[in-house]
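Take a look at the structure set out below.
The values are calculated or read from the model by the stated rules, or taken from the named source; none is laboratory data. Owing to the predicted nature of the structure, the values given are computational and were not obtained by experimental measurement. Glycine also receives a Cβ, built like all others from the backbone with ideal geometry; neighbour counts cover every protein chain displayed.
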Amino acid sequence: MSVAGQVLVLQLIVMAVIVLAGGFLTIVNERTNSDDATRREVTAIAASIANEPSTPISIASEDPTARLQPETERIRAITGVDFIVVMAPDRTRFTHTTVDLIGQPFSGNIDRALAGETFTETYVGSLGPSIRAVTPVTDVDGDIVGLVSAGVTRDKISDQFLAGLPLIIGVVISAFIVATAGSVALSRRLRRQTLGMAPDELRSMYEHHDAVLHSISEGLVVFGKGDTAEIVNDEARRLLDLPDGPVRRQDLPESLRDMSSGGELHLTDTRVLVVNQDPVMWEGRSLGDVLTIRDRTELQGVMGELDSVRSFAESLRSQAHESANRLHTVITMVELGRPQEAVEFATADLELSQNLIDRLMGSVNEPALAALLLGKASQAAEQGVELTITEDTALDHAGILTPRELVTLVGNLIDNAIDASKESEQPWVEVTVRDSATELLVRVSDSGPGMGEDVLRNALRRGYSTKSGSRGLGLALVTQIVGRYHGSLTSEVTYGSVLTVTIPADAS
């Protein structure tokens, strides 16, 4: 049976027990209240008659019955009691509902009344079991001259109780119907929420769900209608550096708080993440959002190295192409009988390339960076961009940056500058890399339009690109390295667009 079905059955049983028990207690209480009300009624009637000034006078008269019987019967008819007996202290009845019993002794207890007390009792008298009250009648001197008893038979009390019983039963049945309707409505709601599954199915689904959440290699964060995540698995906490306990949207990295649907690249201080956000839909209703997070840090590192190798290969291809052109030129000049011009042409071109190589190998004490700069120079030349490496470029040591990080930092800045410079009529790029005892400085200028404050702010906020495709990740990787080592990235437009990165030598 489903959870909703089991809850419904249990609720109906509980409601039946509660309603029946409540009904039984109500009936018992009503019966008790009925007896108490009868006692109060007969006591009031007896005391009212006993306290009437004419009562002791009538008892002392020559014919008490003639004076009292009509009056007591009139009162009995009005109040609905079954008998009113006025008697002498020796039990002799002066009045009674049954005329034949007048003059006969009263059957019942009168000792307490003779002592001056008003009391009630249940007694089997001439009319059967009854609840009666007995009270003394005193004269002006305070002497007890008679007694008054008023009573109602048990049969009449039962008839009155049974007359009100249908109302009690109706209320009990109505309460059970209302409780049943509420239970059915609650069961239907619970059935919708539990999809009609049984407890074992829910437990099994939860166990599998929990095991999958903790074992999958992707981060998973699920938000419902509220601001607090309903599901956060271990991988999501690791990738986003989230603390234990509840996770709210403001606990996520800033770039993920207002993310739109779809997939995006996001950077933290140490990772490159691919994040997808999609709405959770059920029967056409949006229940919330689910974020899946994949770590691309290692893959991006491999892609960076691949890009570097590809860049070197392109540079070698470009140099081979240029060397073939120069060689053909030299050969042609020799064939034309101009060997001296051929030698001068070859020597001048070789001297220009060799000077750059000698300068970089002498001033840059990092082979990977020197190779990168030489490769970028050839790559830029092939694309029609004049790339200049300034004379003050010198690097004794990259400081705390690894060779890979240094190549990533400088290479991506140069790539972005080459792309931006092509928007001008005479594209050029200028690169400066130097270090000191206090900091590492990388400055890349180009003839492009420059980067505005909003663009730079977005770049510093998260992985951001002004280009389409995967190559737009370059500036984001630069900002990641800068943030990791507490450096700074500034943009200005002076003699061209200038991006400057400084990283303190003692950053930690």
Checked pairs for segment 1-28, first among the hydroxyl-bearing types (Ser, Thr, Tyr), second modelled with pLDDT of 75 or more, C-beta under 7 Å and 6 or more apart or across chains, list as 2/191
Closer than 23 Å to residue 121 by Cβ and touching a Gly at 6+ places or on another chain (Cβ under 7 Å): which single residue out of 82, 90, 36 fits that description? 82
Quick test of your reading of the structure: residue 220 fulfils all but one of (1) surrounded by 12 or more Cβ atoms within 10 Å (Cβ to Cβ); (2) farther than 20 Å from residue 243 by Cβ. Name the failing condition by number. (2)
Taking segment 127-158 as the search range and keeping residues that are among the polar types (S, T, N, Q) and over 9 Å from residue 46 (Cα atoms), which one is surrounded by the fewest Cβ atoms within 10 Å (Cβ to Cβ)? 158
If we take segment 229-288, then strands (runs of 3 or more DSSP E) inside it with 1 or more residues that are touching a Lys or Arg at 6+ places or on another chain (Cβ under 7 Å), of a type outside the set (Asp, Glu) and modelled with pLDDT under 85 are 262-267, 272-282
Within segment 100-135, tally of residues that are over 20 Å from residue 79 (Cβ atoms) and part of a strand (DSSP E or B): 2
Kindly provide the set of residues from segment 20-50 that are aliphatic (A, V, I, L, M) and either modelled with pLDDT under 75 or over 30 Å from residue 154 (Cβ atoms) (or both), ordered by number. 25, 27, 28
Within segment 99-126, residues among the small types (Gly, Ala, Ser) and buried (at least 18 other Cβ atoms within 10 Å of the Cβ) come out as 108, 113, 125
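In this structure, is residue 498 modelled with pLDDT of 85 or more, in the same structural domain as residue 376 (by TED's automatic domain parsing) and outside any loop (DSSP other than H, G, I, E, B)?
yes
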Among (1) at pLDDT below 85; (2) under 20 Å from the mean Cα position of the chain (by Cα), there is one condition residue 220 misses while meeting the rest; what is its number? (1)
Kindly check whether there is at least one residue in segment 175-190 that is more than 30 Å from residue 22 (Cα to Cα), surrounded by fewer than 15 Cβ atoms within 10 Å (Cβ to Cβ) and of a type outside the set (A, V, I, L, M). no
When segment 343-372 is examined, which residues are found to be at pLDDT 80 or above and outside any loop (DSSP other than H, G, I, E, B)? 363, 364, 367, 368, 369, 370, 371, 372
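Here is a yes/no grid of residues against (1) within 25 Å of the chain's Cα centre (by Cα); (2) at pLDDT 80 or above; (3) within 19 Å of residue 12 (Cβ to Cβ); (4) among the charged types (D, E, K, R):
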position: 159; (1), (2), (3), (4): no, no, no, yes
position: 164; (1), (2), (3), (4): no, no, no, no
position: 167; (1), (2), (3), (4): no, no, no, no
position: 172; (1), (2), (3), (4): no, no, yes, no
position: 176; (1), (2), (3), (4): no, no, yes, no
position: 184; (1), (2), (3), (4): no, yes, yes, no
position: 193; (1), (2), (3), (4): yes, no, no, no
position: 197; (1), (2), (3), (4): yes, no, no, no
Filtering segment 66-98 for residues that are of a type in the set (Val, Ile, Thr), touching a Ser or Thr at 6+ places or on another chain (Cβ under 9 Å), surrounded by fewer than 18 Cβ atoms within 10 Å (Cβ to Cβ) and assigned to a helix (DSSP H, G or I) leaves a count of 1
Scan segment 320-341 and give yes if some residue there is in the same structural domain as residue 408 (by TED's automatic domain parsing), acidic (Asp, Glu) and either surrounded by 15 or more Cβ atoms within 10 Å (Cβ to Cβ) or at pLDDT below 65 (or both), otherwise no. yes
Can you spot a residue in segment 209-216 that is closer than 30 Å to residue 258 by Cα and either surrounded by 13 or more Cβ atoms within 10 Å (Cβ to Cβ) or among the aromatic types (Phe, Trp, Tyr) (or both)? yes
Identify the single condition in (1) in a strand (DSSP E or B); (2) more than 16 Å from residue 498 (Cβ to Cβ) that residue 411 does not satisfy, given that it satisfies every other one. (1)
Output for segment 384-408, where each listed residue is surrounded by 15 or more Cβ atoms within 10 Å (Cβ to Cβ) and not in a strand (DSSP E or B): 385, 393, 398, 399, 400, 401, 405, 406, 407, 408
Please verify whether residue 276 is in contact with a Ser or Thr (Cβ under 6 Å, 6 or more places away or on another chain), outside the structural domain of residue 405 (by TED's automatic domain parsing) and either more than 30 Å from residue 486 (Cβ to Cβ) or small (Gly, Ala, Ser) (or both), treating the condition exactly as stated. yes
